[in-house]
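Q: Got a structure here, written out as structure tokens. Questions coming.
The values are calculated or read from the model by the stated rules, or taken from the named source; none is laboratory data. Given the structure is predicted, the values throughout are model-derived calculations rather than measurements. No Cβ is skipped: glycine too gets one built from the backbone with ideal geometry, and neighbour counts run over all protein chains shown.
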Amino acid sequence: MWKHTASGFSLIEVLVALLITALGILGLSAANLNALKFNQTADVRSHATLLAYDIVDRMRANREAALAGHYDIALTAPAPTGNAIHQSDVRDWLNALSNQLTSGDGSIARNGRSFTVTVQWDEARISESRAANAGGDYLERFVFVTEL
């Protein structure tokens, strides 16, 4: 009788092992891309938070002007002109928003001693993985409320 012993892998077993390895590598690549995207989103949100705190610190340094309403500005309003401290503060803040955030803009609303600072930016670059807002856009907002 012929004695036949196994002498290695068959071609099908090698192909199945390669397929499983390729699927694992694709899964790791997709996880890595998602991690990069979420890291970028978190970085932008951190910048927005720091910029909101920046204007609040400027308002605290110039408390009288802030309480008088000189820092109040609506979204999409043009930057103030002039050389007063509050005008320079708001102008510098709006420039920082537009330079550091994609389509960055901001607003400051006063209600007595309470101030609501809104920082807005566009996240359309990751629109494939997220649904649009009710307005049909991909604008994100960070809203900060404080008292002076």
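Q: If you scan the stretch 110-142, which residues turn out to be modelled with pLDDT under 95 and hydrophobic (A, V, I, L, M, F, W, C)?
A: Trp121, Ala124, Ile126, Ala131, Ala132, Ala134, Leu139, Phe142
Q: Suppose the filter is touching a strand residue (DSSP E or B) at 6+ places or on another chain (Cβ under 7 Å), part of a helix (DSSP H, G or I), surrounded by 11 or more Cβ atoms within 10 Å (Cβ to Cβ) and at pLDDT below 95; does Val44 pass it? Steps first, please.
A: Working: touching a strand residue (DSSP E or B) at 6+ places or on another chain (Cβ under 7 Å): yes; part of a helix (DSSP H, G or I): yes; surrounded by 11 or more Cβ atoms within 10 Å (Cβ to Cβ): yes; at pLDDT below 95: yes.
Considered against the rule, which asks whether it is touching a strand residue (DSSP E or B) at 6+ places or on another chain (Cβ under 7 Å), part of a helix (DSSP H, G or I), surrounded by 11 or more Cβ atoms within 10 Å (Cβ to Cβ) and at pLDDT below 95, Val44 comes out as yes.
Q: Can you give me the number of residues within the stretch 78-117 that are outside any helix (DSSP H, G or I), in contact (Cβ under 8 Å) with a residue 12 or more places away in the chain and farther than 19 Å from Ala61 by Cα? Break it down into steps so the answer makes sense when it comes.
A: Of all residues in the stretch 78-117, those outside any helix (DSSP H, G or I) come to 78-84, 101-117.
Next cut, in contact (Cβ under 8 Å) with a residue 12 or more places away in the chain only: 79, 84, 101-110, 113-117.
Narrowing further to those that are farther than 19 Å from Ala61 by Cα: 79, 101-106.
The total comes to 7.
Q: Kindly check whether there is at least one residue in the stretch 59-73 that is exposed (fewer than 15 other Cβ atoms within 10 Å of the Cβ), small (Gly, Ala, Ser) and not in a loop (DSSP other than H, G, I, E, B). So that I can check it myself, show each step before the final result.
A: First, pick out the residues of the stretch 59-73 that are exposed (fewer than 15 other Cβ atoms within 10 Å of the Cβ): 60-61, 63-64, 68-69.
Retained after the next criterion (residues that are small (Gly, Ala, Ser)): 61, 68-69.
Okay, now just the ones that are also not in a loop (DSSP other than H, G, I, E, B), so 61.
Checking the stretch 59-73: at least one residue is exposed (fewer than 15 other Cβ atoms within 10 Å of the Cβ), small (Gly, Ala, Ser) and not in a loop (DSSP other than H, G, I, E, B).
Q: What about Val145, is it part of a helix (DSSP H, G or I) and either of a type outside the set (S, T, N, Q) or buried (at least 16 other Cβ atoms within 10 Å of the Cβ) (or both)? Outline the logic, then answer.
A: Numbers: part of a helix (DSSP H, G or I): no; either of a type outside the set (S, T, N, Q) or buried (at least 16 other Cβ atoms within 10 Å of the Cβ) (or both): yes.
Criteria not met by Val145.
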